[in-house]
């Protein structure tokens, strides 16, 4: 007898439905009728689906995408359109200056442009700011300009100080004025000064203003020697006596030292004996004579001459008037929002550059105010990167690492130079630097560290713009001209142009 499954294992039998299953009939919509005006187009050959097409809004995501893209695109287009129109209006306002006739010996106005390096940026962004927003207006007015590049911290201040000291030497008659490359004759300092006053100077950014004023103060308020002393010579004399290249015994380098002269393959002035010092004449060679030795002529002792020092002048001559171009360079991940806003602010840049150009070309001048002009573009210092504020610490770490590895590099270089050991395969493929190359490398590094530290002391946000009372009355600043400035000259130039036609 077969076994019957348990009741709970039996298949579940569905109860029969009272009504039979009926399949629902699909709903059919009647075809849409064409409008009488569109029915004619169907016979022309246009598909009926095209004539019956009803546009509908895209999905929510597509609506957001089209809205954002269209808004940003319109903002970009409108901003660039206004910038072009504004730039053209500035050009039209000063274009009459390019049509003015000049004499045979006359020279056009020359504007000098300075743009110091923005902290932690290797590119010359300040120069790009000038070329994009100021240079086109100067070209429309036929005004010459000279851009002075400065790619190192503090380079502008050293340049301005050197120029000021040179002008003082020329005025005192200690040196000859520079020679013109065109005529080959010395330039007249009075003519050069007058041309500088007619032109002007454009300073791009607050860092440029700080370096310019620091160099101006250093060059005009300090004593000046008869000849310019090279910075490399001063630095080399300082580094020559610090003992970094002295050679010590490897067994007991802390207490016992060996002869320094034997450690140097090439003698230097600092390591020569005292009898060969530059302040004393070298021993004269004896000349043989058949009649006997000639008596030696007495040699007068050489007295070291003290350099001639020029005291600071009581009154500083007038300097070319200044114009300030505001400039901010956004760097780093945290400043991306400012970069995006700045991308859609081309009109603001054109307006700032145009106002500076109009001030230089048509504007009057006023005396320099230390309180007002010294606060120019102060808010830009808040955008300096934090790494620049720690520049002395970075230099100190680099200097410590360099001098920690210098003894070993110097020892191996001297061993190879003396033939105490043979060069390895790696050293043959990549030759080691000699002692002279190490000295040169050290001089280059020290010069860069010291120059950048000097520039950092000038540009850092905590430091104010340099000022001295002797500069009072020597500096002037361009002001923004009124709307009617240059209108009479423009009308006169227009009348003269019509008469020539």
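Only one entry of 169, 131 meets the criterion of being closer than 26 Å to residue 368 by Cβ and surrounded by 15 or more Cβ atoms within 10 Å (Cβ to Cβ), and that entry is 169.
Residues satisfying the criterion are absent from region 337-348 (criterion: in the same structural domain as residue 196 (by TED's automatic domain parsing), on the phi > 0 side of the Ramachandran plot and either modelled with pLDDT of 90 or more or within 21 Å of the chain's Cα centre (by Cα) (or both)).
Suppose we keep only residues that are under 19 Å from the mean Cα position of the chain (by Cα) and not in a helix (DSSP H, G or I) within region 444-466. Which one would you say is surrounded by the most Cβ atoms within 10 Å (Cβ to Cβ)? Among residues in region 444-466 that are under 19 Å from the mean Cα position of the chain (by Cα) and not in a helix (DSSP H, G or I), the one surrounded by the most Cβ atoms within 10 Å (Cβ to Cβ) is 465.
Quick one: would you say residue 147 is in contact with a strand residue (DSSP E or B) (Cβ under 6 Å, 6 or more places away or on another chain) and either in contact (Cβ under 8 Å) with a residue 12 or more places away in the chain or outside any loop (DSSP other than H, G, I, E, B) (or both)? It is true that residue 147 is in contact with a strand residue (DSSP E or B) (Cβ under 6 Å, 6 or more places away or on another chain) and either in contact (Cβ under 8 Å) with a residue 12 or more places away in the chain or outside any loop (DSSP other than H, G, I, E, B) (or both).
Of note, residue 95 satisfies the criterion of being in contact (Cβ under 8 Å) with a residue 40 or more places away in the chain and part of a helix (DSSP H, G or I).
Within region 411-431, identify whether any single residue is surrounded by 13 or more Cβ atoms within 10 Å (Cβ to Cβ), in contact with a helix residue (DSSP H, G or I) (Cβ under 8 Å, 6 or more places away or on another chain) and at pLDDT 90 or above, and answer yes or no. No: region 411-431 contains no residue that is surrounded by 13 or more Cβ atoms within 10 Å (Cβ to Cβ), in contact with a helix residue (DSSP H, G or I) (Cβ under 8 Å, 6 or more places away or on another chain) and at pLDDT 90 or above.
Looking only at region 188-206, decide whether some residue is modelled with pLDDT of 90 or more, part of a helix (DSSP H, G or I) and over 17 Å from residue 309 (Cα atoms). Yes, region 188-206 contains at least one residue that is modelled with pLDDT of 90 or more, part of a helix (DSSP H, G or I) and over 17 Å from residue 309 (Cα atoms).
A single entry from 154, 219 fulfils the requirement of being over 29 Å from residue 349 (Cα atoms), in contact (Cβ under 8 Å) with a residue 40 or more places away in the chain, buried (at least 21 other Cβ atoms within 10 Å of the Cβ) and not assigned by TED's automatic domain parsing to the domain that holds residue 446: 219. The set of residues in region 427-437 being part of a helix (DSSP H, G or I) and without any contact (Cβ under 8 Å) to a residue 60 or more places away in the chain consists of 427, 428, 429, 437. Answer yes or no: is there a residue in region 134-153 that is in contact with a helix residue (DSSP H, G or I) (Cβ under 6 Å, 6 or more places away or on another chain) and closer than 19 Å to residue 316 by Cβ. Within region 134-153, none of the residues are in contact with a helix residue (DSSP H, G or I) (Cβ under 6 Å, 6 or more places away or on another chain) and closer than 19 Å to residue 316 by Cβ.
Looking only at region 352-371, which residues are farther than 17 Å from residue 205 by Cβ and surrounded by fewer than 19 Cβ atoms within 10 Å (Cβ to Cβ)? Those that are farther than 17 Å from residue 205 by Cβ and surrounded by fewer than 19 Cβ atoms within 10 Å (Cβ to Cβ): 364, 365, 366, 367, 369, 370, 371.
The values are calculated or read from the model by the stated rules, or taken from the named source; none is laboratory data. Quantities reported herein were computed from a predicted structural model and do not represent experimental measurements. With ideal geometry, Cβ positions are generated from the backbone for all residues, glycine too; neighbour counts draw on all protein chains shown.
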